[in-house]
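We did not get these values from a lab; they are worked out from the coordinates using the rules stated. Keep in mind that this is a model prediction, so the values were computed, not measured. Counting neighbours? That spans all protein chains shown, and the Cβs are built from the backbone with ideal geometry, glycine included.
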């Protein structure tokens, strides 16, 4: 299990849902707090406005599921699959991911601040207009991903691989170009100045 930032323990759960078939289930408006979901199939589930607070998901399949204006606050995801899942305007603050797969995940808007994704393989995923302040992306593999207009202020990016990423419009103030792989990444002129300054260069016009 990957450690949460600052060593905070995962919340304890009170009830368990095990090996349930929720394939295609409409989770809209449902409320779950401190529930452990173990080996649950949520493939193609639809979730508009549903809320999961301090829940634990272990071996849960979220493939091709669609979540909008939903909340997964301070949850823990362990060995879950998110192939082609979509999150629109969702709140995942404080949630932790460990050993999960994210192929083709698309995140649009919402708040993913303080999320833990250390060592995650985010290659080919898309994050657009998302707030990811102080997110833990230590050692994350993000080759070819899109982080467009993402607030990464205070994010942990040490040893992250952002090669060939589209980073335009994102806050890169927390990025150290000496400890992060950036080969082939796409940035805008303002970001170029930020990175040059981080390298100790004196940027002047004219």
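Computed from Cα atoms alone, the Kirkwood hydrodynamic radius reported for the chain is 17.3 Å. Distance between the C-alpha centers of the stretch 30-86 and the stretch 118-146? Whole Å please. Answer, in whole Å: 19. With the helix formula -39500 (n - 2.57) applied to DSSP H stretches of n ≥ 4, the chain reaches a computed 222 nm mean residue ellipticity of -1500 deg cm²/dmol.
Stretching residue 159 away from residue 23 to a fully extended chain increases their span by 45.3 nm, per 0.36 nm per residue minus the current alpha-carbon distance.
For the chain, a Gaussian network of Cα nodes joined below 10 Å ranks 172, 157, 195 by mean-square fluctuation, and the top entry is 195. Cα extents for the stretch 67-146 along the principal axes, largest to smallest and rounded to whole angstrom: 26, 22, 20. Modelled spin labels at residue 79 and residue 173, positioned 7 Å past Cα toward Cβ, are 4.1 nm from each other. Peptides 93-99, 124-130, ordered by how many other C-beta atoms sit within 10 Å of their residues on average, highest first, read 93-99, 124-130.
For the stretch 112-199, what class follows from the C-alpha gyration tensor (a ≥ b ≥ c being the square roots of its eigenvalues): rounded when a/c is under 1.5, otherwise prolate if a/b is larger than b/c, else oblate?
Working: a/c = 1.26, a/b = 1.23, b/c = 1.02.
It comes out rounded by the Cα gyration axes.
Against the main long axis of the alpha-carbon atoms of the chain, helix 189-198 sits at an angle near 80°. Spin-label model, residue 192/residue 39: points 7 Å from Cα along the beta carbon direction are separated by 5.5 nm.
Where both residues lie in the chain, what percent of DSSP beta bridges are antiparallel, nearest 5? Intermediate values should be presented prior to the final figure.
Numbers: 0 of 52 bridges.
Once the DSSP bridges in the chain are tallied, antiparallel ones form about 0 percent.
Among 64, 150, 17, the largest mean-square fluctuation in a Gaussian network model of the chain (Cα springs under 10 Å) belongs to 17.
Which value results when the Cα radius of gyration for the stretch 9-99 is divided by 2.2 N^0.38 Å? Intermediate values should be presented prior to the final figure.
Numbers: Rg = 11.5 Å, N = 91, 2.2 N^0.38 = 12.2 Å.
Expressed relative to 2.2 N^0.38 Å, the Cα Rg reads 0.95.
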